[in-house]
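What follows is one structure encoded as structure tokens, with my remarks underneath.
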Amino acid sequence: ILVGAGVVSSLSVFPYSHSYINLVAGGPVGGKQHLLDSNIDWGEDLLELSQWVEANPNARPLHTALTSLIPLASVNIHSQSVPRRDEDSEAPPIALKPGWYAVSVNQLMGYRIFGLDRPDCRALQTMDPVHRIGYSIYIYEIADSTE
């Protein structure tokens, strides 16, 4: 029974098998609390994000903080970068401008990749995403506070 449950659980996330984490550890959505880096995000959902951007022309301005070595313009994603922060962990989160944000799970959780400074996504950590691309890219909308 346990083997069968494991197989069904694993197949339930297809084609996003790279991000599979068993349900006991939080599943593919909650697994980011336990694993990061190449365990969950290699930029594998970038092409699907490109399709989402094309299908959602109202999602502008678009800000990105993605784990990918592929230039975004090469997959027709034109965006602004999320502001970066220095390593002063005592500084409050940077206030994010109104707009749409596509953020890789590594960036969202503050994982330092390639020894670079990191985008300040701390404000997004307490928000619920409006959409998710696979299990590695989260989409957020920050409304204009004057509306």
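The values are calculated or read from the model by the stated rules, or taken from the named source; none is laboratory data. What you see is a predicted model; the values in this text were computed from it and never measured. With ideal geometry, Cβ positions are generated from the backbone for all residues, glycine too; neighbour counts draw on all protein chains shown. Surface areas here come from the heavy atoms of the whole protein model, side chains and all, with no ligands, DNA or RNA. Shrake-Rupley method; radii C 1.70, N 1.55, O 1.52, S 1.80 Å.
Filtering segment 108-143 to residues that are part of a loop (DSSP other than H, G, I, E, B), open to solvent by 20 Å² or more (accessible area, probe 1.4 Å) and either modelled with pLDDT of 80 or more or hydroxyl-bearing (Ser, Thr, Tyr) (or both) leaves 111, 127, 128, 129, 130, 135, 143.
Please verify whether residue 84 is modelled with pLDDT of 90 or more, more than 17 Å from residue 135 (Cβ to Cβ) and open to solvent by 40 Å² or more (accessible area, probe 1.4 Å), treating the condition exactly as stated.
no
Every test in (1) assigned to a helix (DSSP H, G or I); (2) modelled with pLDDT of 85 or more; (3) crowded, with 20+ Cβ neighbours inside 10 Å is passed by residue 77 save one, and that test is (1).
The residues of segment 37-67 that are open to solvent by 40 Å² or more (accessible area, probe 1.4 Å), under 13 Å from the mean Cα position of the chain (by Cα) and at pLDDT below 90, listed by number, are 37, 42, 44.
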